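Read-outs: derived from the displayed coordinates by stated rules, not from any lab. Everything quoted here is computed from the prediction, not taken from an experiment. Cβ: placed from backbone, ideal geometry, glycine included. Neighbour counts: every protein chain shown.
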Amino acid sequence: MPKAMVSFECLPLVGAPKAEVYRVVDAAIAEVEGSGVTYMVGPAETSMAGELDTLLDVVKRAIDACRKAGAARLAVVVKVLTADDEDLADLEEKVAPYRARGH
């Protein structure tokens, strides 16, 4: 299976207070946390690294978690980067130069 980096963003389409939207998004992040994959939560998306099929399955489960948390309507943005090398597995390495400069 190809190595991949998958980033996704769940956008609950609800006319609810911000706290309710965060609660739904937190359900998606909890699904990622429980999956055992390498991940990093950012301000607008969550990024994961590993086997493509595994990561896409985690995205599906995160969507289900949002729906169970009350999101009747949900927009999901998914980005996929695949490669044959192991370089994709290290999320921290990708952002380390920017963090070292205070970003």
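Overview of values
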| item | result |
| --- | --- |
| Among the candidates Thr54, Thr38, residue that is of a type outside the set (Lys, Arg) and out of contact with any Gly (no Cβ under 7 Å at 6 or more places or on another chain) | Thr54 |
| Members of region 1-12 that are assigned to a strand (DSSP E or B) and either over 9 Å from the mean Cα position of the chain (by Cα) or surrounded by fewer than 18 Cβ atoms within 10 Å (Cβ to Cβ) (or both) | Lys3, Ala4, Met5, Glu9, Leu11, Pro12 |
| Within region 46-81, tally of residues that are surrounded by fewer than 15 Cβ atoms within 10 Å (Cβ to Cβ), of a type in the set (A, V, I, L, M) and farther than 10 Å from Pro12 by Cα | 4 |
| Strands (runs of 3 or more DSSP E) wholly inside region 13-101 containing at least 1 residues that are touching a residue at least 60 places away in the same chain (Cβ under 8 Å) and more than 25 Å from Lys3 (Cβ to Cβ) | 74-83 |
